[in-house]
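First up is the structure itself, then whatever we jot down about it.
The values are calculated or read from the model by the stated rules, or taken from the named source; none is laboratory data. All values derive from a computational prediction rather than experimental measurement. Virtual Cβ from ideal backbone geometry, glycine too; neighbours counted across all protein chains shown. Each accessible area value is taken on the protein alone, full model and side chains, heavy atoms only, with ligands, DNA and RNA left out. Shrake-Rupley method; radii C 1.70, N 1.55, O 1.52, S 1.80 Å.
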Amino acid sequence: MRLGILGGTFDPIHFGHLRLAVEAKEALKLDDVVLEVAAQSPFKLETPPTEGGTRCEMVKCALDRCHNMRVGNVDLRRSGPSYTIDTVQAYAEPGTEVWLIVGTDALSGIPKWKDPERLLQMCRIGVGFRPGQDFAAAIGELSEHWRKRIRAFPTPLLEISSTDIRKRVANGQSVRYMTPQCVVQIIERSSLYRIER
Ligand code: ATP
Ligand code: MG
């Protein structure tokens, strides 16, 4: 069984994440993709994210009962910052080939993640191209040892980020068609992102 893990803060989830998951699933022939909701990014410790339950709820509704994509909450159930190595370990079992799915912007940072060597042994990495990010430069920074475990696949260029969505909401602008309508509704209902962080 080939399992893809797309980790993110998903604050909120948007169409960039969703297309990345679908393209990865097709390009890497994955059976299942888990969208793993991070408790807190070790790189964003000074700005706490929206409550985990609400972020999960947004991912769940965005997936809209897609049968081979699901929300993951092993990170949320652990306390403290989410490290990818712990996430991969939680999903690793005999017979499961784990693929970590990342956008280009996340790629160059991987050697700085916790326990990179062990991470590389436990999973392979699928990289989707992201607009504004130079993939050739990002992969060029990595050693051959890393490159061997990485497969790149193209994704449609969706110029959307959660940061942009949060800014728009804080400015009173519409975020319709950047994320599924059910996510827009949760943002409105729970009064998320009214104050810019
Ligand atoms: P933020 O702006 O808060 O950093 P984000 O939109 O970058 O949020 P993350 O949760 O940080 O979303 O990203 C999770 C993963 O999704 C990362 O691997 C990132 O590269 C990828 N990703 C995010 N947005 C896109 C997009 N528009 N196209 C392709 N990949 C994306
Ligand atoms: Mg990001």
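Brief remarks on what is shown
- For the range 170-191, residues that are away from ligand 1 (no atom under 13 Å from the Cβ), within 17 Å of Glu51 (Cβ to Cβ) and in contact with a helix residue (DSSP H, G or I) (Cβ under 7 Å, 6 or more places away or on another chain) total 3.
- Candidates are the residues of the range 140-158 that are in contact with a strand residue (DSSP E or B) (Cβ under 7 Å, 6 or more places away or on another chain) and away from ligand 2 (no atom under 16 Å from the Cβ); the one that is most open to solvent (accessible area, probe 1.4 Å) is Arg151.
- Filtered by the rule that a residue be open to solvent by 10 Å² or more (accessible area, probe 1.4 Å), in contact with a strand residue (DSSP E or B) (Cβ under 6 Å, 6 or more places away or on another chain) and within 11 Å of ligand 1 (Cβ to nearest atom), the range 1-14 gives a lone residue, Gly7.
- Scanning the range 64-73 turns up no residue that is within 14 Å of ligand 1 (Cβ to nearest atom) and closer than 20 Å to Leu120 by Cα.
- There is at least one residue in the range 15-35 that is under 17 Å from Leu76 (Cα atoms) and near ligand 1 (Cβ under 10 Å from one of its atoms).
- Looking at the range 25-122, the strands (runs of 3 or more DSSP E) lying wholly inside it that each contain 1 or more residues that are more than 15 Å from the chain's Cα centre (by Cα) sit at 97-103.
- Qualifying residue in the range 43-57 (condition: surrounded by 20 or more Cβ atoms within 10 Å (Cβ to Cβ) and either in contact with a helix residue (DSSP H, G or I) (Cβ under 7 Å, 6 or more places away or on another chain) or farther than 21 Å from Ser162 by Cβ (or both)): no
- Of all the listed residues (Ile139, Ile110, Ile125, Ile150), the sole one being touching a residue at least 40 places away in the same chain (Cβ under 8 Å) and within 15 Å of ligand 1 (Cβ to nearest atom) is Ile150.
- Some residue of the range 44-55 being more than 16 Å from ligand 2 (Cβ to nearest atom), out of contact with any Gly (no Cβ under 7 Å at 6 or more places or on another chain) and in contact (Cβ under 8 Å) with a residue 40 or more places away in the chain: yes
- Given (1) within 16 Å of ligand 2 (Cβ to nearest atom); (2) touching a helix residue (DSSP H, G or I) at 6+ places or on another chain (Cβ under 9 Å), number of the condition Met122 does not satisfy: (1)
- Scanning the range 159-190 for residues that are open to solvent by less than 60 Å² (accessible area, probe 1.4 Å) and assigned to a loop (DSSP other than H, G, I, E, B) yields Ile160, Ser161, Val175, Met178, Pro180, Ser190.
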